[in-house]
1. Any of 92/131; 75/130; 105/130 with alpha carbons more than 25 Å apart? Name them for me.
2. Take 38, 45 and sort them by solvent-accessible surface of the protein heavy atoms, 1.4 Å probe, largest at the top.
3. Please list 3J(HN,Hα) in residue order for segment 74-90, calculated via the Karplus relation 6.51 cos²θ - 1.76 cosθ + 1.60 where θ = phi - 60°; whole Hz, with x for glycine and proline.
4. For residue 39, tell me the accessible area in Å² from a 1.4 Å probe, rounded to the nearest 10.
5. What are the residues whose amide H is under 5 Å from the amide H of residue 56, where those residues sit 5 or more places off or on another chain and H is modelled from the backbone?
6. Probe 1.4 Å, all protein chains in place: accessible area of residue 36 in Å², nearest 10?
Amino acid sequence: GIRWEIIEVPWAFAHLKVLTETIPSLRKKKPDIILSHCLTANIICALFWRFTSAKACFWWQHDEGISSYFIRFGKIPFLLSTQIIAVSQAVKTYLLNQYTLPSLKIKVIPTGVDNYNCVDKTVFRKILAKKYNARETTPY
């Protein structure tokens, strides 16, 4: 499978740790793929992933604009991501309407899948590694 690791990102975007710890930590880990999973991490990773060894950066969008936090950044971080993953069609529609993003850039992948445990994670990791030319190692 694909080796993966969680890197914690401070919640306060203006926090100095973002610049002094998170970005250097990403560079040091030499990731092949970055999958960010929360608001602050999405923005940081979208803006800085090209300064790492990553070949792709996925933005995982969970809400339909409940927070107005994104608006101050505009659509630039979205466009800098390789792919945007929306957890529902409603989230995709929101992103299309609010930020006039290209529809092909947004893929809907619901998180509430009942048969998640039936998904062969090894096969999924191999497909992802092949598609993005990533190293294939075991997760730790």
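1. Violating the 25 Å Cα-Cα cut-off are 75/130.
2. 38, 45
3. Coupling constants for segment 74-90: x, 8, 4, x, 4, 5, 7, 6, 5, 8, 10, 9, 9, 7, 7, 5, 4 Hz.
4. Rounded to the nearest 10, that gives 40 Å².
5. Close amide H contacts, sequence-distant or interchain: 34.
6. Rounded to the nearest 10, the figure is 10 Å².
The values are calculated or read from the model by the stated rules, or taken from the named source; none is laboratory data. Nothing here was measured: the structure is a model prediction, and the numbers come from that model. Each accessible area value is taken on the protein alone, full model and side chains, heavy atoms only, with ligands, DNA and RNA left out. Shrake-Rupley method; radii C 1.70, N 1.55, O 1.52, S 1.80 Å.
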